Amino acid sequence: MTGGEAESEADAGAALVRPAHLVLVGLPGAGKTTHGRHAARHMQRPFIDLDKRVAHLAGRSVPEIFRLEGEAAFRSRERLATAALSLEPASIVAPGGGWVLDPANVALVKPAATIIWLKVSPRVAVRRMGGRVGLRPLLAEGDPVARLEALLRQREARYATADAVIDTEVLDWQGVVSEIAALATPATGR
């Protein structure tokens, strides 16, 4: 093999390298954004709120995207924002609660990323969201606890495929941050 061929192979391999993101999944109200920001600060990593990125790129809020374009359009935008993560340094990423339902999203960040399920019960999630619960498009109508219970039934099997689970009801925020940081093991470069 010539030097040029070796360089071409190395360049091709480098194109396949994905950043070792820590991706926090879970129900709305699980603390993906709150814990993610704390963990990013603690670990000195960038924090990416994927819903905010989608909203910024769309030029409208997530509720407006849902209302004007529908959930399918939002999910398509979400997938594009996920694909763009390959251009970012290793970060703490907080996607929306339904992100994990699209296998393409997971495939876009794997195998390098570590997916972490921040587990919370629907009742505790609603309590944590307080008056902001109505700002969540999928919780804006009806009983939010019942809606979250239904969402959990739909999503639990996908959440359970995460690389790790952190029960956010039994740990304070510092404990959750410590658990997240422990999953960024130097041995794997994550």
The alpha-carbon center of segment 87-129 and that of segment 144-164 are separated, in whole Å, by 12
Highest mean packing first, using Cβ neighbours within 10 angstrom, the peptides 32-39, 176-183 sort as 32-39, 176-183
Sorted by accessible surface (1.4 Å probe, heavy atoms of the protein chains only), largest first, Leu24, Leu87 come out as Leu87, Leu24
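The values are calculated or read from the model by the stated rules, or taken from the named source; none is laboratory data. In this text the structure is predicted, and so the values were computed from the model without any measurement. Positions of Cβ are generated from backbone atoms using ideal geometry, with glycine treated the same way; all protein chains shown enter the neighbour counts. SASA here: full protein model, heavy atoms, side chains in, ligands and nucleic acids out. Shrake-Rupley method; radii C 1.70, N 1.55, O 1.52, S 1.80 Å.
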